[in-house]
Amino acid sequence: MSDSLRANQADWRLECVGLSVSRGGRRVLADVTVALRPGECVSVVGPNGSGKTTLMLALLGLLPPSAGAVRWDGRDPARLSARQRGRFVAYVPQNVDHVPPFRVWDVVADGRFPYLAWLGRCAPADDEAVRGALALCGLTELAERPFHALSGGERRKALLAAAIAQDAPLLFLDEPNTALDPGYQIELLRILGDWLRGGRGLLVISHDLELPAVLGGRVVALRTGQVVADGPTAEVLTPEALMRVYAAPFETVTAADGRRLVLPRWWPAATSAP
């Protein structure tokens, strides 16, 4: 893979085959095989501790496999430079440990790091990418505001805008709708829909099963570090399949617009009177 790998490449492939990963002396993933291609949306679901974030970090080349392999177009991402990785995958983590004292514009402009010259100055094309990402995420009017002065939802949108400005063919999001109010969640779906319509790939970790239901595509379900389901959203998000994933009951409900949703069943099933 060379630095020429860009978002306009139409035939890339990211995959892991027989992937096992250990952390702190404990095996977290075991024999996982997953692939992602252009235009695909893959949502990773599963209970806490099932290995979702570990899988994402391993696919990014940030965690070494104890068995199996991760390949980006046949190459090991751990052997690529930061610029090469940044031109292929943009990543937004679940939590931000450090809040930089920068403007929103500067935070989003950081997404252009794979393309900047060594002096780190943005060219007109970089500024255009930043403006486009700010506009897509509804942050244009906040561009000059300090990042630390934003609300939690606005910060998450700014980080997403930085990833979009990165102009990579793949976007990885870890719990992107955590702590977002309904208005921001709807806006997130609009942004991700625009991203997918551009023919790029999307990998999302989500505890909220409504997010993969709306995004569509494929769902990969993990339990105790193993893949227990991998298929189209409509086939995996069923009460029967989710019972195997979460060991908890689910039921299908019909929304006002006729859509069918699968939700946890919070109350006991009705029983006949004796």
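If you go through the stretch 207-257 and keep only what is of a type in the set (S, T, N, Q) and either in contact with a Leu (Cβ under 8 Å, 6 or more places away or on another chain) or part of a strand (DSSP E or B) (or both), you end up with Q226, T233, T252, T254. Restricted to the stretch 31-80, and to residues there that are under 16 Å from Q94 (Cα atoms) and assigned to a strand (DSSP E or B), the residue that is farthest from the chain's Cα centre (by Cα) is V45. Of note, R121 satisfies the criterion of being part of a loop (DSSP other than H, G, I, E, B) and of a type in the set (D, E, K, R). A168 passes every criterion in (1) in a loop (DSSP other than H, G, I, E, B); (2) farther than 18 Å from G86 by Cα apart from (2). When the residues of the stretch 141-154 are filtered to those that are part of a helix (DSSP H, G or I), surrounded by 15 or more Cβ atoms within 10 Å (Cβ to Cβ) and at pLDDT 90 or above, which remaining residue is farthest from the chain's Cα centre (by Cα)? The extreme case among them is L142. Taking the listed residues Q185, Q94, the one that is over 28 Å from S81 (Cβ atoms), within 20 Å of the chain's Cα centre (by Cα), of a type outside the set (D, E) and at pLDDT below 95 is Q185, with no other qualifying.
Please work out if A109 is surrounded by fewer than 18 Cβ atoms within 10 Å (Cβ to Cβ), among the aliphatic types (A, V, I, L, M), more than 21 Å from V42 (Cα to Cα) and over 19 Å from the mean Cα position of the chain (by Cα). No; evaluated as a whole, the condition is false for this residue.
When the stretch 81-91 is limited to residues that are outside any helix (DSSP H, G or I) and either among the charged types (D, E, K, R) or exposed (fewer than 14 other Cβ atoms within 10 Å of the Cβ) (or both), the one that is farthest from the chain's Cα centre (by Cα) turns out to be S81. Can you confirm whether the stretch 119-136 contains a residue that is within 29 Å of P212 (Cβ to Cβ), surrounded by fewer than 18 Cβ atoms within 10 Å (Cβ to Cβ) and not acidic (D, E)? Scanning the stretch 119-136, I find at least one residue that is within 29 Å of P212 (Cβ to Cβ), surrounded by fewer than 18 Cβ atoms within 10 Å (Cβ to Cβ) and not acidic (D, E), so the answer is yes. Number of residues in the stretch 1-22 that are surrounded by fewer than 14 Cβ atoms within 10 Å (Cβ to Cβ), closer than 24 Å to A82 by Cα and either within 17 Å of the chain's Cα centre (by Cα) or at pLDDT 95 or above (or both) equals 1.
Residues that are of a type in the set (S, T, N, Q), without any contact (Cβ under 8 Å) to a residue 60 or more places away in the chain, more than 21 Å from C137 (Cβ to Cβ) and exposed (fewer than 12 other Cβ atoms within 10 Å of the Cβ): does the stretch 264-272 have at least one? Looking through the stretch 264-272, at least one residue is of a type in the set (S, T, N, Q), without any contact (Cβ under 8 Å) to a residue 60 or more places away in the chain, more than 21 Å from C137 (Cβ to Cβ) and exposed (fewer than 12 other Cβ atoms within 10 Å of the Cβ).
The values are calculated or read from the model by the stated rules, or taken from the named source; none is laboratory data. This is a predicted model, so every value here is computed, not measured. With ideal geometry, Cβ positions are generated from the backbone for all residues, glycine too; neighbour counts draw on all protein chains shown.
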